[in-house]
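Have a look at the structure below, then the notes.
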Amino acid sequence: MAVSATSERPGAYKVVKAPAGLVLLLGALTAVGPFSIDMYLPSLPALAKSFGLAPGAGQITIAAFLAGLAIGQFFYGPASDRWGRRGPLLFGTALFFAGSIACACAPSLPMLVLARFIQAVGGSGGMVIGRAIVRDRFDHRNAARVLSLLMIVSGLGPVLAPLIGSALVNFVSWRVIFWILSGFGLVLLVWSLIALKETRSAETEARARSENPIRGYLALLRSKQLIGYTLAMSFNGAAVFAYVAAAPGLLIGYYHIPPAHFGWVFSTNGAALIAMNNVNARLLHRYTPEQILLVARPATLVVAFALAVCAATGLGGMWAVLACLFLIIGSLGFVGANTAAAGLNVDPTRSGSVSSLMGGANFAISSAVAAVVSSFADIGPRPMGLTIFASIALSAAALYGLAVPNKGKAEI
């Protein structure tokens, strides 16, 4: 079946305003993953100490959370295509709430790892279904614009979460952070129950009921263009999570930034992400997501190369590394939403499954990269810098070699 990936005629684009309440709710659901990671990063040393373990032992909980996000996402998309968006989303949010309580009460590190995995599986539901809801309600270009708005809301997670975590770590137990996350989950559950309406189309339901999820995934995997967008998004995410996983060891352990100041340094990149998503949303009034991608990805590759050089040679020291990271994370505002929208547009009748495929692959690759990079964070910026450059290069290769955004058709 041929599906247009850029189905707009010049001058045919009409801005459709998204309700502010919907943007806030879906943005908050999308922020569950980043918020749950970033908020407790400053407490990792204290967490390990409370269990009588080495300072870096808590890093395994990051890998467990990323693995849960990756695995969980593969289930919610097909489920939401078949049974509707509301039910699976409410289930996932309730599971996140329960998992957060289990984290707060965990008596040992292995139990905390298991609870973090459960928490992530629950939180992944909002991330997948949120994207599908946007595609249900908006056409291709408006979907990209709304996804950018969601990322502005969810981008508050990397800004506020480390600040909250850094402020709490010196005064209360790390367990308080998970009690706060459980409260966040409860608010989202009640809010979704009251405000979220069903958006799945009859066409999507009919398609989902006519094929099992595996058959649907196999059909999507035959699309070279969708694979390109998925890999471009995934390796882009790998670059970000390489930084997230390395940040505590690099900034606190290697550069000796005090834990109380870690949140301010880490949050600066979140501010860049928010700002560039706002710029992207405005650019989408004049350009398609594909047109923006064709310019944004090479620019990020240049900055990633500069980061690799500075990290490998020590040129410019800590400030050169931080400046490059600021530009790279900010560039997500031009890549993340547009890549997601372009991929979702390949087959709108399977938007839940497409969202699962893209999101699951993203976090599978990201969690693998994060697990490796976090092991070398204390030895300096070189492993992180080279990993980020390699990830951005692979993202660019997938975008230009497989997705080819300037082509208007995708066959599946």
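The values are calculated or read from the model by the stated rules, or taken from the named source; none is laboratory data. Given the structure is predicted, the values throughout are model-derived calculations rather than measurements. In this analysis, Cβ positions are derived from the backbone assuming ideal geometry, glycine residues included, and neighbour counts consider all displayed protein chains.
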Residue list for segment 309-356, restricted to those being more than 23 Å from Tyr287 (Cα to Cα), in contact with a Ser or Thr (Cβ under 9 Å, 6 or more places away or on another chain), surrounded by fewer than 24 Cβ atoms within 10 Å (Cβ to Cβ) and not β-branched (Val, Ile, Thr): Leu322, Phe326
From the residues in segment 196-250 that are within 29 Å of Pro34 (Cβ to Cβ) and charged (D, E, K, R), which one is surrounded by the most Cβ atoms within 10 Å (Cβ to Cβ)? Arg200
All but one of (1) in contact with a helix residue (DSSP H, G or I) (Cβ under 8 Å, 6 or more places away or on another chain); (2) at pLDDT below 95 hold for Val172, so report the exception by its number. (1)
Return a yes/no flag: does segment 61-76 have any residue that is buried (at least 24 other Cβ atoms within 10 Å of the Cβ) and either touching an Asp or Glu at 6+ places or on another chain (Cβ under 9 Å) or under 16 Å from Gly183 (Cα atoms) (or both). no
Filtered residue count, segment 112-133, keeping only those that are among the β-branched types (Val, Ile, Thr) and either surrounded by fewer than 24 Cβ atoms within 10 Å (Cβ to Cβ) or in contact with a strand residue (DSSP E or B) (Cβ under 8 Å, 6 or more places away or on another chain) (or both): 3
Of all helices (runs of 4 or more DSSP H) fully inside segment 307-412, the set with 1 or more residues that are within 18 Å of Val128 (Cα to Cα) and not hydroxyl-bearing (Ser, Thr, Tyr) is 317-344, 351-374
Just one of (1) of a type in the set (S, T, N, Q); (2) under 24 Å from Pro289 (Cβ atoms); (3) modelled with pLDDT of 80 or more trips up Ser36, so point out which. (2)
Just to be sure, is Ala57 at pLDDT 90 or above and within 30 Å of Gly249 (Cα to Cα)? no
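Kindly evaluate Leu273 against the criterion of being within 30 Å of Arg350 (Cβ to Cβ), touching a residue at least 12 places away in the same chain (Cβ under 8 Å) and not acidic (Asp, Glu).
It is true that Leu273 is within 30 Å of Arg350 (Cβ to Cβ), touching a residue at least 12 places away in the same chain (Cβ under 8 Å) and not acidic (Asp, Glu).
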Considering residues that are closer than 11 Å to Phe235 by Cβ, more than 12 Å from the chain's Cα centre (by Cα) and hydroxyl-bearing (Ser, Thr, Tyr), the number found within segment 350-391 is 2
Can you tell me which residue is nearest to Trp83 (Cα to Cα) among those in segment 148-162 that are in contact with a Pro (Cβ under 9 Å, 6 or more places away or on another chain) and part of a helix (DSSP H, G or I)? Ser154
May I ask you to say which residue of Val303, Val279 is under 23 Å from Phe376 (Cα atoms), modelled with pLDDT of 85 or more and not charged (D, E, K, R)? Val303
Answer from Asp81, Asp136 - the residue that is closer than 20 Å to Leu357 by Cβ, in contact with a helix residue (DSSP H, G or I) (Cβ under 9 Å, 6 or more places away or on another chain), surrounded by fewer than 21 Cβ atoms within 10 Å (Cβ to Cβ) and among the charged types (D, E, K, R): Asp136
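Scan Gly126, Gly122, Gly130, Gly165 and give me the residue that is under 25 Å from Phe262 (Cβ atoms), touching a residue at least 40 places away in the same chain (Cβ under 8 Å) and in a helix (DSSP H, G or I).
Exactly one residue qualifies, and that residue is Gly165.
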Any residue at all in segment 13-36 that is buried (at least 23 other Cβ atoms within 10 Å of the Cβ), among the hydroxyl-bearing types (Ser, Thr, Tyr), outside any helix (DSSP H, G or I) and under 21 Å from the mean Cα position of the chain (by Cα)? no
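In segment 115-172, which residues are among the aliphatic types (A, V, I, L, M) and touching an Asp or Glu at 6+ places or on another chain (Cβ under 7 Å)?
Result: Ala161, single match.
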What pairs come up if the first residue lies in segment 246-262 and is of a type outside the set (Val, Ile, Thr), the second is in a helix (DSSP H, G or I) and at pLDDT 80 or above, and their beta carbons are under 6 Å apart, counting only those six or more places apart or on different chains? Ala246/Val373; Ala246/Met384; Pro248/Leu44; Tyr255/Met318; Pro259/Ile252; Phe262/Leu251; Phe262/Ile252
